[in-house]
2 protein chains.
Amino acid sequence: MNSDRKTVTMLDVAREAGVALGTVSKVINHQPVGEKYRKKVQDAAQRLGYQYNATGKALRTNRTDMIAVIIPNTVNPYFALLVHYLNLELEKRNNKMLLCFTEYDRSRENEFIEMAQLNRVDGIIALTYNPKLSIPEGIPFVTIDRFFSSSVPCVASDNFGGGVLAAKKLKELGCRKIAMLFTGSPLTSEPSKRKDGFASCSIEMGMPFEVKVVPPDHPIEDYGAFLREHFREGRLEFDGLFVGTDQQAWEVIQILKEMGVRVPEDVQVIGFDGIEMFGNHGYIVSTIVQPVREIAEVCASLVLSDERSRQPSLVCLPVRYAYGGTTRDA
Amino acid sequence: MNSDRKTVTMLDVAREAGVALGTVSKVINHQPVGEKYRKKVQDAAQRLGYQYNATGKALRTNRTDMIAVIIPNTVNPYFALLVHYLNLELEKRNNKMLLCFTEYDRSRENEFIEMAQLNRVDGIIALTYNPKLSIPEGIPFVTIDRFFSSSVPCVASDNFGGGVLAAKKLKELGCRKIAMLFTGSPLTSEPSKRKDGFASCSIEMGMPFEVKVVPPDHPIEDYGAFLREHFREGRLEFDGLFVGTDQQAWEVIQILKEMGVRVPEDVQVIGFDGIEMFGNHGYIVSTIVQPVREIAEVCASLVLSDERSRQPSLVCLPVRYAYGGTTRDA
DNA sequence: TTGTATGCGTTATCAG
DNA sequence: CTGATAACGCATACAA
């Protein structure tokens with residue numbers, strides 16, 4: 001019964017097989033080796049129950065085949081979807097994923113970056129909120145939805161175009177006066193362009209509109225207050241609403257219900273993100289859908305790319321509109 | 001401009017500080033060291049921009065402070081919540097989380113276990129579906145909802161008790177004939193006890209009941225067929241339904257709506273899990289709530305425990321009932 | 001092609 | 001309390 005007396009190393013396998021250590025390494029790593037040797041090594045490895053040790057390789061090569069993903073959490077369905085596809089794309093490229101949840105804590109964001117470096121991850125993909133994020137130099141770093149500098153690639157969907165699309169769609173669906181509700185982060189992030197596109201398009205179309213930006217702390221209460229201000233004689237001043245995210249759109253709809261405003265009869269609502277009930281049971285609101293899969297693919301591809309120079313500094317991916325029951329285009 | 005010419009090591013710091021390598025290691029690891037030496041080392045480290053390398057430590061100590069979590073995905077809200085709390089508890093104990101998504105693929109489950117071992121994780125927490133899971137010997141292993149053997153700790157909520165609670169609640173809410181819809185995995189898993197508790201309690205209470213178990217492939221279609229079989233003269237035979245999971249309960253309710261059966265007026269529905277809309281906006285159905293936080297806590301605590309022997313082989317955590325709009329106890 | 005020897009950065013032992 | 005030195009398991013340049 002010699003169980004886990006001592007861990008079996010490549011050297012042990014080499015001795016057992018009657019070959020040299022280097023030969024074993026080559027067999028394990030699928031490098032060209034004489035067929036007889038290959039078999040001898042494989043047999044010996046089998047006999048001894050040899051198990052490869054990735055920490056040795058990591059130390060030697062300074063590569064871990066591991067990418068750190070830094071994200072607020074996975075409870076938010078959009079983040080869950082993003083993580084899902086990121087994992088898929090990383091796995092496809094033979095990389096592991098080290099997941100770090102920040103819970104929107106800015107100091108944690110920096111701590112995780114530090115931790116990831118200590119653990120010698122091969123790269124970092126980050127969706128963060130700290131405007132003063134300390135982005136390391138020597139390691140591939142890709143951000144989602146946050147532009148820091150031209151040397152740090154940022155991947156985002158076409159937020160401006162999404163805002164334009166929402167405004168157009170509301171007009172097309174017969175709206176006469178529309179509003180956008182947006183929660184503004186202090187950091188001018190890519191998502192803030194949603195309101196810019198909305199405003200720009202509304203002006204161009206000659207559509208009466210309003211944009212309400214509220215601070216990130218209590219968005220829903222502030223949205224409620226705004227809506228009540230514009231609610232007179234049992235009627236909402238707007239017949240079309242574009243809300244910054246699907247979740248907020250859903251929350252706004254709850255408020256509207258309480259006010260006795262019907263959706264989509266009295267007011268049509270469009271959100272942003274493309275969240276589906278349970279991931280595949282239809283959109284929870286009419287929405288501008290982010291191309292999550294493509295975003296993940298570009299992130300993985302960029303962070304693992306050898307070409308560190310001459311990388312695009314901002315990648316914008318196209319969005320699309322989808323019906324979700326809160327507009328009148330069934 | 002000497003940027004990343006060469007990575008700074010403890011030896012470099014030792015030389016710069018004029019002390020020995022061992023001393024540097026002790027300072028870094030907060031071991032007792034003369035105050036003067038400590039300062040010298042810290043200054044030198046600062047000056048050189050020294051950065052700790054965890055791969056060296058991993059090789060030397062064979063510990064990575066990393067726990068692998070193996071789970072189908074994070075798109076399912078219940079899994080998302082579980083991962084959320086697992087991460088919290090692991091982080092609290094100074095461990096990193098290596099997340100592996102199986103997408104219910106049984107061979108992948110085993111591959112991830114293999115991968116985790118190669119990477120020398122300190123332990124594995126797994127929620128899997130392969131009855132022939134290859135559980136390694138030399139590494140702490142904790143399962144969720146699946147009992148394999150008394151040497152592999154399993155953490156689950158009190159599924160039997162949850163089934164009892166659901167039956168009791170339905171009776172209490174005035175039901176006269178009830179049914180349980182359950183998706184059975186080929187592996188007799190802990191969750192299957194939900195139906196056992198339901199049946200046992202119904203019998204004891206003298207409540208007419210039925211249990212419908214369908215294979216995991218097309219649960220919803222089969223549920224629909226079952227419901228239509230028991231739908232005669234515009235009326236459902238049951239006035240109370242207990243469904244295996246919240247998601248399935250939600251899907252069943254969609255089917256009932258299409259059939260013209262009103263919830264909760266005509267039939268009351270109770271699910272299982274305790275899924276909330278966006279994690280904190282109220283339960284999506286009336287439900288038996290799993291103590292997710294406690295499950296995560298016990299998992300983390302068990303997998304990191306030194307006492308490998310004399311660990312409980314099955315930990316059952318208490319559930320509770322919560323109203324979610326699909327019963328008549330508003 | 002195969003074999004040998006060295007070093008990756010850290011921890012731990014053991015003698016001062 | 002400090003300092004020199006030997007592993008940990010692997011990859012690779014270089015010699016055969």
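The values are calculated or read from the model by the stated rules, or taken from the named source; none is laboratory data. Treat the numbers as computed from the prediction; the structure is a model and nothing was measured. For neighbour counting, all protein chains shown are included, and Cβ atoms are generated from backbone atoms with ideal geometry for every residue, glycine included.
Take the conditions (1) more than 30 Å from A:VAL252 (Cβ to Cβ); (2) within 14 Å of another protein chain (Cβ to nearest Cβ); (3) charged (D, E, K, R); B:GLU276 misses just one of them, which is (1). No other residue among B:GLY174, B:GLY163, B:GLY197 is more than 14 Å from chain A (Cβ to nearest Cβ), free of Cβ contacts under 8 Å to residues at least 40 places away in the same chain and either farther than 27 Å from B:LEU227 by Cβ or not in a strand (DSSP E or B) (or both) apart from B:GLY197. The condition of being away from chain A (no Cβ under 14 Å) and surrounded by fewer than 16 Cβ atoms within 10 Å (Cβ to Cβ) holds for only one of B:GLY240, B:GLY260, that being B:GLY260.
The residue that is farthest from B:SER157 (Cα to Cα), among those in region B:247-279 that are assigned to a strand (DSSP E or B), within 27 Å of the chain's Cα centre (by Cα) and not β-branched (Val, Ile, Thr), is B:GLU276.
Just one of the listed residues (A:LYS26, A:LYS36, A:LYS40, A:LYS57) is within 12 Å of DNA strand C (Cβ to nearest atom), assigned to a helix (DSSP H, G or I) and within 14 Å of another protein chain (Cβ to nearest Cβ), and it is A:LYS57. Can you pull out every residue in region B:64-107 that is hydroxyl-bearing (Ser, Thr, Tyr) and either in a helix (DSSP H, G or I) or more than 11 Å from every other protein chain (Cβ to nearest Cβ) (or both)? Result: B:TYR78, B:TYR85, B:TYR104, B:SER107.
Take the conditions (1) assigned by TED's automatic domain parsing to the domain that holds B:SER313; (2) touching a strand residue (DSSP E or B) at 6+ places or on another chain (Cβ under 9 Å); B:SER202 misses just one of them, which is (1).
The test for being aliphatic (A, V, I, L, M), within 16 Å of DNA strand D (Cβ to nearest atom) and touching a Gly at 6+ places or on another chain (Cβ under 8 Å) does not hold for A:LEU81. Annotation note: of B:MET97, B:MET66, B:MET10, the sole residue that is within 16 Å of DNA strand C (Cβ to nearest atom), among the aliphatic types (A, V, I, L, M) and under 26 Å from B:VAL292 (Cβ atoms) is B:MET66.
The one condition from (1) in contact with a helix residue (DSSP H, G or I) (Cβ under 8 Å, 6 or more places away or on another chain); (2) closer than 16 Å to B:GLY161 by Cα that B:VAL211 does not meet is (2).
Considering region B:108-135, and only residues there that are away from chain A (no Cβ under 14 Å) and among the small types (Gly, Ala, Ser), the residue that is surrounded by the most Cβ atoms within 10 Å (Cβ to Cβ) turns out to be B:ALA126. With respect to the conditions (1) under 25 Å from B:LYS169 (Cα atoms); (2) assigned to a helix (DSSP H, G or I), B:PHE238 lacks only one, and its number is (2).
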